[in-house]
Structures are given as structure tokens and as C-alpha cells.
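Let me begin by presenting the structure, written as C-alpha cells, before commenting on it.
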Amino acid sequence: MSAHQERTPPGHQAAIPGRGLRLGRLFGIEIRLDSSLLIIFTLIVYILGSSVFPQWHPDWQAGTTWLTAVIAGVLFFSSILAHEMAHALVSRKFGIGVQRITLFLFGGLAEMEEEPGEPRAEFLIALAGPATSMFLGLFFMLVGSMLAGADSAALLADDRETALAGLSPMATLLLWLGPVNLVLAIFNMVPGFPLDGGRVFRAVMWWITGDLRRATWMASEAGRLFGWFLMIFGILQALSGALLGGLWLLMIGWFLSNAASASYKQLVMRDLLKGIVARDLMRSHFETLTPQTRIADFIDNHLLQSPQQLWPVVENEQLIGLVTLQEVQGTPTQDRATMTVGQVMRTDLGALSLAPNADANKALLAVSTHSTPLAIVEGNRVIGLLSQADTVKWLLLHQKQ
Ligand SMILES: [Zn+2]
């Protein structure tokens, strides 16, 4: 499957880590391969090389079979990349940036910086992916049939086996890849959020009702339903003997129903935080250090005694540095009595601080990206700290029923 969604703020576990191998940039968008991709890539190549292609081409040498299988695997993920790229480029047309595309276990993910602001944008961004897959599918099948020539007519007739055996490796690739892209287009058009079809559905309901939250609720319920349907179908399949295929459907179904719930919660949270700024969420009771504080003193009297995770280092009321566990854990134990916090503190203050009027949604994103609290800085003075735990507390207290 493939989905496009914005980055998940904390409190709702991101289903997909933003890590993995960086492949390069395309149209200014970073392309990443998640390590989970290796599992599905290996599986596809294995199934193609050990069963599909040998059945089509009993006469092929093992080398030809496996090479074709590997190329097919690469082209499969290139097709998914094209699908995601289409989302990204249309999204950019509507002024919503996409920093990176990650290919992972279940397909691809184009990370949009924000949600589309109007139904029309959502509709077209969502449609761009499946439309691209549909186009690629038809295109590959057309070229594949042309390469197959007379054999392509026979493929549809009775003598399928002989016709398949006569296909060149290139025609074989294209005639496998074509239908796969069509399936990709159709699967993604299922009207369950956060699948593309669910986004199209949401855009239409949004346009009709004018209520994004209600539209999202409807689309994500449909997504959960579809997820459950896939899981039940997968279990039945597994029980009836198709273990691998059944388990795969079970996993996709589970992932989908989770993603549907998370997407809705995320929107509710975004709604809740509308108009809220970092100052509203931050804690204003916190300890500070001076650059002369000895590291031993810091460890014994602050780090180990308090749930605080980030300490501002302050001189004449001005912020000059920041210290976390990370900065002191590498210091030699015997030197801690003499070394000072000023010697190890971080001074890249910009990266770890925010203005008090920073948008709460952006602040949450920053906190989750850095996985450390941030300092809220006004002028050169620290007026608060913002952590995930604090924001979760705030959210729990402000939940709308
Ligand atoms: Zn898509």
C-alpha cells in the first residue's frame, strides 16, 4: 500500500520511522529507503524468482530468472516512488512542501509539511498518486504487449503457457509490472482514510459538509472498517492454507486500521491546538545552571534529582548554553569534580529553542523531532521549557468531549 500523510506529532506514535538509507534527491525531495523495505523487496524477488517466473519460463536459466526478478523488484519500488512523487509534486503546486519520500514495508510515504487547506487541493493531491499508477500500469501493459507481438493475443486465449514462455525478459517484466501498478492504483483508491481513496472521499465530504473534522471522522471510520475487513479476510486465507498471503493481508489490515485511528486523533489534536502557542504549553518552573557549575554538582544535585531533561546555562540572566545528560555522560568520571558545565554545554541555541509565540503544532513537531525538550527563549532569556510530557498533560486537560 502507499499513503501520503503529514508527520505525526507526539502522543500518536508515528507508524513509520523517518530513518533509513538516504538514496538522494529528486526534484529537490529527499528519497529514503527504510530498512523494513528490505523484507518486502526480498520477498517479492524470492516469489518471482522461485515460483512466478519459473512457471512462466520453464526454459530460462537460473541466472536470467533471478536477474529478471531483481530488476522487477527494483522497478516495483520505482513505480511506488513515481506514485509518491506525483503526490509530492501536485502538493507542491498547492504550496505545501514535501521534504522527503520514504519507501518502507507497506509502500511509500510522502511527508507533507501540512494538511491541504481546501477540499480541491486535497482531492487533486490524493488523486495524483493512483492516477500515476494507473497510467504506468496501462503504459507498461501496452509496451509489453507490443514487445510480445503476436504472443500477446495468445496470452488471453487458451494457449497461455506457450505464449508466456515465448516472452522476452523485457516483455515479461513489463507484463508483470503493468498489472501490479493497476492493482496498486485500485487498492489505493479504496475509500478508507488514510489511503488515497479515503482522502478523495474525505475531500468530497469536506466539500459537501464544510466540516473537515466530520469528514475526517467518516473517512477514517471507513478506513478502519476496510482494515478490519482485510484482517478477517487475511485470517480466513491463512486458515485455508495460503499462510503467507493471509498473514500479509492481516498485517496490512492491522496497519491500516491503526493509521486510520491515528489520523483522526491527530486531526483532533491539531484542532485542539489551533491558536495555541508554545508559551501556553511550556512549564515555567525549572532549574538553571551557571557556566561555573561543576559537572559533579550538576549530576548529583540536578540531573539525578529532578525529572527535568534540559538545563539552561545562564549568565547575567542571559542564556549562553544548554546541557542535557548527553553532554555530561561522555566526561571522564575522575574529571567531573573539576570540569564545569560551561566546558561541555551546547551552544547551538537556535536548534534547541523556540520563541514563546511559536505555533503549538510546530512546537510539538520540533520537540518530537529533537526528542529532547526545547527552551522557550524571549530576547536572550529563557522563560520556559517545553517537553512532550508537558504537552500531553495539557492535551489531556483540554480534551473536548
Ligand atoms: Zn498514494
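None of the figures in this text is laboratory data; all of them are computed from the coordinates on show. Everything quoted here is computed from the prediction, not taken from an experiment. Virtual Cβ from ideal backbone geometry, glycine too; neighbours counted across all protein chains shown.
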### Task
Let me know the charge dipole size of segment 292-392 about its Cα centre in debye, to the nearest 20, where only the beta-carbon of Lys, Arg (+1) and Asp, Glu (-1) is charged.
120
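So which trypsin sites (Lys or Arg not before Pro) in segment 255-361 are both in a DSSP loop and have at most 10 other Cβ atoms within 10 Å of their Cβ?
Sparse-neighbourhood loop trypsin sites (Lys or Arg not before Pro): Lys274.
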### Message
Skipping prolines and chain starts, which residues have an amide H placed within reach, meaning under 5 Å, of the one on Thr290, given they are 5 or more residues away or on another chain?
### Response
Val314
### Task
Could you line up Leu289, Leu124 from fewest to most neighbouring Cβ atoms inside 10 Å?
Leu124, Leu289
### Task
Have a look at Pro312, Gly350, His370 and report the one farthest towards the positive end of the charge dipole of segment 278-397, computed about the Cα centre with Cβ charges (Lys/Arg +1, Asp/Glu -1).
His370
### Query
How many lysine pairs in the chain, separated by 8 or more positions in sequence or lying on different chains, have Cα atoms less than 17 Å apart?
7
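What's the FRET efficiency of Glu30 with Thr338 using the Cβ-Cβ distance as r and R₀ = 60 Å, to the nearest 0.05?
The pair Glu30/Thr338 has a calculated efficiency of 0.85.
Contact order normalised by length for the chain, with contacts defined as Cα pairs under 8 Å and 6 or more residues apart; what percent is it?
After rounding, I find 13 percent.
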### Query
How about segment 250-335: which chymotrypsin sites (Phe, Trp or Tyr not before Pro) there lie in a loop by DSSP and see at most 14 other Cβ atoms within 10 Å?
none
### Query
Quick one: Karplus J couplings for segment 219-225, per residue in order, coefficients 6.51, -1.76, 1.60, θ = phi - 60°, nearest Hz, x for Gly and Pro?
5, 7, 4, 4, x, 5, 4
### Query
Out of Ser263, Ser306, Ser168, any idea which swings most in a Gaussian network model of the chain, alpha carbons joined below 10 Å?
Ser306
### Task
Quick one: work out the % antiparallel among DSSP beta bridges in the chain, nearest 5.
70
### Task
Compare Ser133, Ser240, Ser36 in a GNM of the chain, Cα atoms joined below 10 Å, and give the one with the largest fluctuation.
Ser240
### Message
Neighbour counts of other C-beta atoms within 10 Å: give me Thr338, Thr65 arranged from fewest to most.
### Response
Thr338, Thr65
### Query
Using a simple charge model, +1 on the beta-carbon of Lys and Arg, -1 on the beta-carbon of Asp and Glu, nothing else, what dipole does the chain show about its Cα centre, in debye to the nearest 20?
540
